[in-house]
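Written out below as structure tokens is the structure these notes cover.
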Amino acid sequence: MKFLISLSALLLAACAPAAQMAIVHDDPLTATIAELDREVFDAFNRCDEAGQLERHEKFFDEHIEFYHDTGGVTWTRDEMIANTAKNVCGKFTRRLVEGSLRVYPVKDFGAIEMGTHEFCQEGSKNCDGKADFTIVWRNVDGVWKITRVLSYGHRAG
């Protein structure tokens, strides 16, 4: 029994540094991606207001790939924005689940953002849907664009 407890403690100690590196929120890359997430979804949440859908659109690469476990795949920015206008604007908002954001650098490319978000009915504080997400960000000369989105594990909130 002592051996199992010691082995468990050793494994936890060995894994802790890697886990801590993945969830550090005060590094510059995480701060940048967290701010970009806030901006892109501020526009998303207000996309029924003049200019906000266009503001939201500017965060995405023209050849975005958007994978949604219940909605299928979208292959272009124009198609994705049309779907947002039709299915999102004025209907619900998105909120990042506090403490769920994780950011990983991608050498010579950008970053991978992961987390969990909730969806709230417009005009209500009722957040009845939740899903996990992964966003791939590309940085070209200081301009960040989303190139891939995966939204999956949709469930009741």
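The values are calculated or read from the model by the stated rules, or taken from the named source; none is laboratory data. Remember, predicted model here, so these are calculated numbers, not experimental data. Ideal geometry is used to build each Cβ from the backbone, glycine not excepted, and the neighbour counts take in all protein chains shown.
Miscellaneous remarks
- Restricting attention to the range 1-54, the residues being at pLDDT 95 or above, of a type in the set (Lys, Arg) and more than 21 Å from residue 99 (Cα to Cα) number 1.
- Residues in the range 36-57 that are surrounded by 12 or more Cβ atoms within 10 Å (Cβ to Cβ), over 15 Å from the mean Cα position of the chain (by Cα) and in a helix (DSSP H, G or I): 52, 53, 55, 57.
- Residue within the range 142-154 that is within 17 Å of residue 68 (Cα to Cα), without any contact (Cβ under 8 Å) to a residue 60 or more places away in the chain and not in a loop (DSSP other than H, G, I, E, B) present: no
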